[in-house]
Amino acid sequence: MTLILPKDYDSKLTIRETEEAIRYIRETFQDELSAELNLQRMSAPMFVRHSSGLNDDLNGVETPVHFTAKDLGDDRIEIVHSLAKWKRLALKKYGFGMHEGLYTNMNAIRKDEDMDNFHSIYVDQWDWEKVIAKEERTEATLKATVKQIFKVIKHMEHEVWYKYPQAVHHLPDEIHFVTTQELEDRWPELTPMEREDKIAKELGCVFVMKIGDKLQRSGERHDGRAPDYDDWALNGDIIFWYEPLGCKLEVSSMGIRVSEKSLAEQLKKAGAEERAKLPFHRALLAGELPYTIGGGIGQSRLCMLLLGKAHVGEVQASLWPESMREECDKVGIHLL
């Protein structure tokens with residue numbers, strides 16, 4: 001665990017005021033996001049059958065919390081890591097049309113997460129997905145959608161400032177775009193995460209594109225991505241420079257989803273070709289699912305960003321090591 005303890009920290013809001021602000025941000029942001037992207041609120045599962053192939057394996061090393069239920073036989077049931085594949089299936093099942101989409105409140109448990117100021121074993125985010133045309137699977141579509149999301153985040157800054165002027169953390173006015181290869185070419189001596197810190201500090205807010213495939217110089221990946229939802233050539237993360245902690249803060253991972261061709265290519269690269277036999281993957285490879293763009297936006301991360309909080313535990317109730325609680329209490333960081 002790497003815990004950042006800022007000097008002279010002042011949370012500005014009491015715990016009760018913070019809870020009020022959390023409710024306001026969550027309710028307001030989801031309404032504005034759905035209006036901007038033409039999304040409808042839908043109910044989503046907290047767990048899925050392992051045999052469905054719908055769960056997200058993240059970087060390929062994390063294992064989901066799982067169990068069996070007495071009326072479901074021996075089926076292994078898994079707490080979701082994310083809903084990336086489920087959303088695409090739902091768009092078809094529920095009859096969403098061109099440029100229509102859905103969003104849902106996704107709650108997950110990631111038991112293998114390394115806990116720090118930004119990471120918790122409890123994940124809460126707005127998962128969203130939208131139907132696009134095949135010819136819209138382009139970098140231009142990706143960038144335009146990123147700008148729409150940034151616009152909503154910036155508007156939320158003004159909304160929060162109006163209600164809590166003493167607490168709002170001010171954001172940059174523009175989002176920039178850079179690829180992982182451009183970062184490696186510029187700073188080959190740094191690690192991928194150090195490169196993200198550098199570019200975020202330089203530009204204020206950046207969308208780091210093309211995550212998952214191997215980089216040309218090192219032959220290493222910038223970061224892990226599952227091979228069966230994002231197209232590695234058309235995805236990325238929205239990252240802010242976060243002055244309260246002197247480092248980057250990622251608030252969203254998103255991308256244009258795999259086509260039949262890119263799914264087959266990425267499964268091969270990942271050594272995961274056996275997944276092609278799973279129901280979701282069979283349907284996608286057969287051309288039965290819509291082309292989509294989608295992602296997740298961290299709810300607690302967004303609250304933390306807008307309110308200038310020093311720890312995600314100030315805006316979500318989770319479990320933390322006692323040593324971390326004690327260190328945070330010493331500097332006025334009160335974990336829920």
Would you mind telling me the share, in percent, of accessible area of segment 37-164 contributed by carbon and sulfur at probe 1.4 angstrom? 52 percent
Rounded, prolate or oblate for segment 1-68? Axes are the square roots of the Cα gyration tensor eigenvalues, ordered a ≥ b ≥ c, and the cut-off for rounded is a/c under 1.5. oblate
Angle between the chain longest axis and helix 84-93 axis [Cα atoms, degrees, rounded to 10]: 60 degrees
Cα gyration tensor, segment 78-153 - rounded (a/c under 1.5), prolate or oblate: oblate
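When the accessible area of segment 238-326 is split by element with a 1.4 Å probe, what percent falls to carbon and sulfur?
After summing per-atom areas, the C and S share lands at 52 percent.
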Sort the following peptides by mean Cβ neighbour count (other Cβ atoms within 10 Å, averaged over residues), highest first: 96-104, 231-239, 215-223. 231-239, 96-104, 215-223
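Quick check: from the Cα gyration tensor, does segment 68-226 come out rounded (a/c under 1.5), prolate or oblate? Let's see the in-between values first.
Values: a/c = 1.40, a/b = 1.25, b/c = 1.12.
Since a/c stays below 1.5, the shape of segment 68-226 is classed as rounded.
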What pairs in 151/261; 143/201; 154/330; 93/277 have C-alpha atoms more than 25 Å from each other? 151/261; 154/330
Just to be sure I understand: of the beta bridges DSSP finds with both ends in the chain, what percent are antiparallel, rounded to 5? 85 percent
Take the Cα of residue 63, step 7 Å along the line toward its Cβ, and report every residue of segment 73-117 whose backbone nitrogen sits under 20 Å from that point. 74-82, 108-115
Just the accessible area per residue of the chain, please: how many Å² with a 1.4 Å probe? 46 Å²
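The values are calculated or read from the model by the stated rules, or taken from the named source; none is laboratory data. Nothing here was measured: the structure is a model prediction, and the numbers come from that model. We place every Cβ from the backbone using ideal geometry, glycine too, and count neighbours over all the protein chains shown. Ligands, DNA and RNA are excluded from the accessible area calculation, which covers all protein heavy atoms including side chains. Shrake-Rupley method; radii C 1.70, N 1.55, O 1.52, S 1.80 Å.
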